[in-house]
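First comes the structure, then the notes that go with it.
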Amino acid sequence: MTASELTGPGAPTPGLAGRGPVPWHLLPDSSAVEPDGSLSIGGCHLDDLAAEFGTPLFVYDEEHLRSRAREAVAAFGDGVAYASKAFLCSAMARLVHEEGMCIDVATGGEMHVALSAGVPADRLVLHGNNKSTAELEMALSAGVGRIVVDSFDEIDRIEALVAAGQPAPQVLLRVTPGIEAHTHEYVQTGQDDSKFGFGLSSGAAHAALDRVAGSDAFDLLGIHVHIGSQVFVVDSFRKAVAPLAPTVNALALPEFSIGGGLGVAYVEGEESATISQWGAVMTTACREAGIEAHVTAEPGRSIAAAAAVTVYSVGTIKDLPGIRTYVSVDGGM
Ligand SMILES: *Cc1c(COP(=O)(O)O)cnc(C)c1O
């Protein structure tokens, strides 16, 4: 595979990052420039890693991952879950588990990775707007800690499985509060028109709550809301809380999960809140809205994104005199 720098006429103007050094805050915590000018992460020279493992190569900073996981546990307490779609392999599942996080999984495959890495089933949270009967059956027989119920179809499927002898799961109900987070529309998930969860304004959320609370097939623990990803405006999270407070309080449910979505800076000029700041804003907003439930969250990107770099090798270099020089690498764009 080859890819070239796309900076011809009409292409987007390159950011400053394209011309100067990458700012330190965009790199993994342990990044350092060695005396010979090469970049190291966690004390490993990237040149050496490229020679040993080949390129393209993802390099994760373990200490960076651990410190963000610890920060999340400190901010939200026990039950805070790592949203594994941000990056999952067996080692990552073990790492976040060792640091005290639960793990969000959204498919049978992710569940399998976490379980086979040795993470106890009761530390898993199963998500998804289209959980199959087989995935639900796998979760129930493994004994996952929480299932986040997303639709009436899913309520029917779980009831049928419990009627057939599976244990009744502990569940949260995913509710869409009808607010639009400040982020790209493709990763907004809190508005009324969403494939996720039960709408608050349509009455679906209350109908689902009545059904689940009144059924022996569920142990209802709380409400879940996830408004989207790459949300830089912490106020968007705060806005999601107020409309849900009466519902969360009416049933005196013990848990309230605010999902994930804290934005991460990828390029120069972007600034993001820390997990601790996000936690403080959310806990305060929930208290101010009168929510008594334990407030928890599911950070993904904010744990994993800035912990990694991708290492490429430069291949073909094509100099177009008077126009520009194309430098091709072995991955990405
Ligand atoms: C994607 C997702 C998250 C994590 O979002 P990030 O932007 O990675 O923090 C958390 N919860 C749910 C339900 C998600 O779909």
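The values are calculated or read from the model by the stated rules, or taken from the named source; none is laboratory data. As the structure is a computational prediction, the values presented were derived from the model and not from experiment. All Cβ positions, even for glycine, are placed from backbone atoms using ideal geometry, and neighbour counts span all protein chains on display. Only protein heavy atoms, including side chains, enter the accessible area calculation; ligands, DNA and RNA are left aside. Shrake-Rupley method; radii C 1.70, N 1.55, O 1.52, S 1.80 Å.
Run the helix sum for the chain: -39,500 (n - 2.57) per DSSP H stretch of 4+ residues, divided by residue count, reported at 222 nm to the nearest 500 deg cm²/dmol.
-10000 deg cm²/dmol
If packing is taken as the average count of other Cβ atoms within 10 Å, what order do 264-276, 27-39, 76-88 fall into, highest mean first?
Packing order, densest peptide first, comes out as 76-88, 264-276, 27-39.
Using alpha carbons only, how many angstrom separate the centre of region 245-305 from the centre of region 65-94?
Going from one Cα centre to the other spans 14 Å.
Using a 1.4 Å probe on the protein heavy atoms only, what accessible surface does H97 show? Give it in Å² to the nearest 10.
Result for H97: roughly 60 Å² accessible.
Using modelled amide H (1.01 Å from N, peptide plane; none on Pro or chain starts), what sits under 5 Å from the amide H of L124, excluding residues fewer than 5 places away?
I103, G145, R146
Ranked from highest to lowest mean number of other Cβ atoms within 10 Å per residue, what is the order of the peptides 65-71, 155-161?
The most tightly packed comes first, giving 65-71, 155-161.
Would you tally the net charge around A217, using a Cβ to Cβ cut-off of less than 11 Å, leaving A217 out, and scoring K and R as +1, D and E as -1?
Neighbour charge sum, excluding A217 itself: -2.
Can you give the FRET efficiency for A242 and E34, using 1/(1 + (r/R0)^6), R0 = 56 Å, r = Cβ-Cβ distance, to the nearest 0.05?
E between A242 and E34, to the nearest 0.05, is 0.65.
With viscosity set to 0.692 mPa s at 37 °C, what whole-number translational diffusion coefficient in µm²/s follows for region 224-333 from Stokes-Einstein and a Kirkwood radius over Cα pairs?
For these conditions, the coefficient is 196 µm²/s.
Separation between the V22 and C89 pseudo-spin-labels, each 7 Å from Cα along Cα→Cβ, expressed in nm?
For the pair V22/C89, the computed spacing is 1.7 nm.
Hey, which lysines would be in cross-link range of K195, C-alpha to C-alpha under 29 Å, not counting anything within fewer than 8 residues on its own chain?
K85, K131, K239
Would you mind computing, in nm to one decimal, how far apart the modelled labels at D122 and A280 are, each placed 7 Å from Cα along Cα→Cβ?
3.4 nm
Could you work out the Rg to Rh ratio of the chain, with Rh taken as the Kirkwood radius (inverse of the mean 1/r over all Cα pairs)?
My calculation of the ratio gives 1.03.
Considering only the chain, what is the antiparallel percent among its DSSP beta bridges, to the nearest 5?
Bridges in the chain are about 40 percent antiparallel.
Give me Rg over Rh for region 46-149, both radii from the alpha carbons and Rh done the Kirkwood way, two decimal places.
My calculation puts Rg/Rh at 1.04.
Which order, highest average first, do 46-54, 103-111 follow once you tally other Cβ atoms within 10 Å for each residue and take the mean per peptide?
Averaged packing, sorted descending, gives the order 103-111, 46-54.
With charges only on Cβ, +1 for K and R and -1 for D and E, what is the dipole size of the chain about its Cα centre, in debye, rounded to 20?
It comes to approximately 360 debye.
Gain in length, Y266 to A51, computed as 0.36 nm per residue apart minus the alpha-carbon separation, to one decimal in nm?
74.8 nm
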